[in-house]
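In what follows, a single structure is set out as structure tokens and then discussed.
Every number in this text was worked out from the coordinates using simple rules, so none of it is lab data. Keep in mind that this is a model prediction, so the values were computed, not measured. Ideal geometry is used to build each Cβ from the backbone, glycine not excepted, and the neighbour counts take in all protein chains shown.
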């Protein structure tokens, strides 16, 4: 993929990808008043349940795989079990095995490999969930509630059965003590209760949140008997009891962690797991520097790498081992939105509160020169928050989009109706005088002028100065040309390089002027959009509203996306949100690559078919060679 100022994310579901990255995400304070209960006795099945439990559910339309499917198409069901895969993490350290709270930096892989979810998402559909802990999913046509039928064979790693009480305990704990993200993601749940020996039911506030049954399926299930004697709100380095395919075998705090496959894992023969979790051991080695990590890979200290730096891909993956096929290079196409990698403004800062100022600064970033001189021409410029998908806005608004936009005509810029938002361009020569003249004109209109070669505010005489927060040193060479162009406008932009832990802490508290982040997206946007854009998140620490967006129009558009009744309306509403966000110049878009650049030692093998999502190392296996 592309160079990202973010941490490795787990290959499990939209919820995990959203909630369990190295930087935790948060949610809405307005969802605190929820009612989640466990009745003292078992309920009989509700009278209003006239539905048929299903093996899988799709967000829109039908699922791809029938009830009798044997395995996903992108796996090798005959993949042998055994061997070890060694992976890398470029980070200073970790200090927690509890990834569900905001405290601490969780170890790589801990959420993904230790915990099963109620359902599992297939990686070759836009958004479909199939049974895992819950062997069946039941819901009415209007999706006003959902019942999960727990597989009687489901077990935690200490052989305790997984029960509805565990599901209810997990849900309540995440809402009350977990990362704030969960309050937004599951905020439309009004009640959760046990309705049978193996059934748990979630009732919803209304039937407008059509994604909710699917994302509840992404709930990781934690053991009540383990956690009820511990403080769920605190981080810990005590190895927990999970329900997933691996357990922690050994660790060296901040330096490495080793996971061991559980031979009698309760779900190993389920269709959703066939051909997956093949390695006996998975080892994550921590490196404090990308250059050192790359050299360690080529020296054989670990087995697999995703290269995010264009220069490295063009120049560093050469030599005898590559020529002889000892190390294999591949570029894997994918069909996922690449999201918005960008310079992100913190609009909570006064200097970035004016859209005209934000637009002006974007003219100082010369992508064409950067791509030519630093990236060997490998990248494309990003022009959408949903780039590389049908969800991205392009051309002028369609009639269906205009119908929505007209409702907000007096609240959004006229340009949304009349033009297509495109990032500034240059000829790639490095001469940006024309762009800087445009920038200076916008800055003057916004109340700034140059005095003694410094850009100052006409009212307050405040000089225009800000910091760009980084934790990856490799980004400095990319940012320096940008800061030099800003200096020509009289703007002093300093690079602030900090270690990973400090970076995480500052991002959680919005303690930055500008930083670089990829705002990741899925093919089925929904509840997670609240975390990015909702006004109630503007000043809630730990959310993904990094920008500080506070706009009632955006709030309403997010609600419309969540309530979209079908795929066509979802696409239309997402395009409208995309247009409105772009018109506000909240970010300076950077670049993207619609494929993944990977390299691996030949002892690793992968299936012939990659899913639409790209590389999934869980489907790989080791040869005996």
Taking Cα atoms, how many degrees apart are the long axis of helix 164-177 and the longest axis of the chain, rounded to 10 and kept between 0 and 90?
30
Full extension between residue 84 and residue 444 adds, at 0.36 nm per residue less the Cα distance, a length in nm of 123.6 nm
Rg/Rg_globular for the stretch 51-105, with Rg_globular taken as 2.2 N^0.38 Å and Rg from C-alpha atoms:
1.92
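Find the Rg to Rh ratio for the stretch 347-500, where Rh is the Kirkwood radius over alpha-carbon pairs and Rg uses the same atoms.
On the way: Rg = 17.7 Å, Rh = 17.7 Å.
Ratio of gyration radius to Kirkwood radius for the stretch 347-500: 1.00.
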Name all residues of the stretch 471-506 having a backbone nitrogen under 20 Å from the label point set 7 Å from the Cα of residue 350 along its Cα→Cβ direction, giving them as ranges.
490-494
I'd like the FRET efficiency for residue 418 and residue 566, computed as 1/(1 + (r/R0)^6) with the beta carbon distance as r and R0 of 25 Å, rounded to 0.05.
0.30
Between the stretch 272-305 and the stretch 207-254, what's the alpha-carbon centroid distance in Å?
24
Extension gain from residue 559 to residue 255, taking 0.36 nm per residue of separation minus the Cα-Cα distance
105.2 nm
PRE zone check, label point 7 Å out along Cα-to-Cβ of residue 197, amide N under 12 Å, scope the stretch 146-178, hits 152-153
Helix 433-445 versus the longest principal axis of the chain: what is the Cα-based angle in degrees, 0 to 90, to the nearest 10?
90
Bin by bin, in steps of 10 Å, what percent of the Cα pairs in the chain do you find, going until the bin that has the longest distance?
3, 16, 26, 27, 18, 8, 2, 0
Between residue 237 and residue 335, the two model label points (7 Å from Cα along the beta-carbon direction) sit apart by a distance in nm of 4.5
Using the basic label-point model (7 angstrom from Cα toward the beta carbon), what is the residue 292 to residue 406 distance in nanometres?
6.2
Work out, step by step, the length gained on full extension between residue 506 and residue 458: first 0.36 nm times the residue separation, then minus their alpha carbon distance; give nm to one decimal.
14.2 nm
So how far apart, in nm, are the two label points at residue 50 and residue 498 if each is 7 Å from Cα heading toward Cβ?
5.8
For helix 476-488, report the angle its Cα long axis makes with the longest principal axis of the Cα atoms of the chain; keep it between 0 and 90° and round to the nearest 10°.
30
